[in-house]
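Okay, structure first, notes after.
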Amino acid sequence: MNEPDEFTNVQVDHDTLPDYRRVSIHPVTPAFVPYAVISACGFWLVVVAVAAGIHWLPLTPWDAGRWPLLAMTFGMVLMLWFGLIAWLDARRRGWALREHDLVYRYGVIWRKTVILPFARIQHVETTSGPLERWLGLMRVKCFTAGGVSSDLTVEGLDIAAARKVRQYLLEQIQDDQPDDSGDAPEARLSGSIDDEEPEHVDEARDDRSD
């Protein structure tokens, strides 16, 4: 009888750990820059337009005073700020595929690096909005077990790259699926449900025969 292996919990020297930052990050496609700027400035552009309309509307039923002008100025400042942040973020965004995981890096003030192992991915899909399709962009969404929304969304890919990434991820998660039965797929699929009837069906037949 084989004795179980003795449990060990040896401390790992942190100086010997590999540096995840050494991965070669691929920048997103240049078409993502205008998309990010337009998406970030769209809301504040509407605020500025509404404030300007109220300020110069000749038939205003109330005296708005300086509030529309202040709202327009405040909206323009925020629009320029968020547009600048989106522009910097789009130029620094990147992604990479490794042997066992997907890496996505984004952010300007707070830099964030997300590493998603293939073993956690349950479903992958590609989506694109009207503006993304017009610019030739597509995003890849990765879903893990138990999640309703996507756990990682890779933005800034062109259509060809997004489809290649999706296909690669699907192949990887199919290869990582565990084989609980230990039989070959052909052996599991070759059987039929009529080869072995459930036990409760046999008991029901015995009762009818009595």
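The values are calculated or read from the model by the stated rules, or taken from the named source; none is laboratory data. Remember, it's a predicted structure, so these values are computed and weren't measured experimentally. Every residue, glycine among them, receives a Cβ derived from its backbone with ideal geometry; neighbour counts consider all protein chains shown.
Suppose the filter is at pLDDT 75 or above, within 31 Å of the chain's Cα centre (by Cα) and part of a loop (DSSP other than H, G, I, E, B); does Glu6 pass it? When the stated conditions are applied, Glu6 does not pass them. Within segment 83-101, the set of residues being out of contact with any Ser or Thr (no Cβ under 7 Å at 6 or more places or on another chain), surrounded by fewer than 18 Cβ atoms within 10 Å (Cβ to Cβ) and of a type in the set (A, V, I, L, M, F, W, C) comprises Leu84, Ile85, Trp87, Leu88, Leu97. Residues satisfying the criterion are present in segment 116-126 (criterion: in contact with a Lys or Arg (Cβ under 8 Å, 6 or more places away or on another chain) and crowded, with 17+ Cβ neighbours inside 10 Å).
Under the condition of being more than 18 Å from Arg111 (Cα to Cα) and charged (D, E, K, R), the residues counted in segment 3-45 number 5.
Of all residues in segment 116-137, those satisfying the criterion of being in a strand (DSSP E or B) and either of a type outside the set (A, V, I, L, M) or over 13 Å from the mean Cα position of the chain (by Cα) (or both) are Pro117, Gln122, His123, Glu125, Thr126, Thr127, Leu137.
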